[in-house]
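Enquirer: Dropping the structure in here first, questions after.
Only the coordinates and a few stated rules stand behind these numbers; no lab work does. Computed from a predicted structure; not experimentally measured. Counting neighbours? That spans all protein chains shown, and the Cβs are built from the backbone with ideal geometry, glycine included.
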Amino acid sequence: MSRPKCNYTVAFCPKIKKFIPEGACASTGIVLIGAAEAEALRLKHIEDLSQTAAAAKMKISQSSFQRVLHMAHKKISEALIEGKFITIAENKSTSLRAPVVATEKMKALKASIKN
């Protein structure tokens, strides 16, 4: 039996949710950043909080915060290095265990970006 998924407290919703590298096309790929990952990046790098303080704001353990932050760094790095689109999830209850977007959602997202 797997461990229950953690609920993250996310205190902001970014106005801009899609970032597209200049000259890139949808075939390069899309990286989905969960709301919890975006919040972890904001708390650590914009608010300049320690991991312990940021974890307390998100109501998760410091080790969980570190895992969320690591996944966010990895995804952002992948997008920057490989020229992929970045999309920030609107759903506040994101799961780090299932970061892959369903095929239908991916096709719809690519179609909306092309327009």
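Enquirer: Enumerate the calculated ³J(HN,Hα) couplings along segment 20-35 in order (Karplus 6.51 cos²θ - 1.76 cosθ + 1.60, θ = phi - 60°), each rounded to whole Hz, writing x wherever the residue is Gly or Pro.
Expert: 10, x, 4, x, 8, 10, 4, 5, 5, x, 10, 10, 9, 9, x, 4
Enquirer: For residue 49 and residue 62, compute 0.36 nm times the residue count separating them, minus their Cα-Cα distance, and round to one decimal in nm.
Expert: Value of the extension gain: 3.5 nm.
Enquirer: Next question, about the same structure. If amide H atoms are built 1.01 Å from N in the plane of the peptide, which residues on other chains or at least 5 residues away come under 5 Å of the amide H of residue 31?
Expert: 85, 86, 87
Enquirer: Using a cut-off of 14 Å between beta-carbons, work out the net charge of the residues near residue 54 (Lys and Arg +1, Asp and Glu -1, residue 54 not included).
Expert: Value of the local net charge: +1.
Enquirer: Take 80, 32 and order them by how many other Cβ atoms sit within 10 Å, fewest up front.
Expert: By the 10 Å Cβ count, ascending, the order reads 80, 32.
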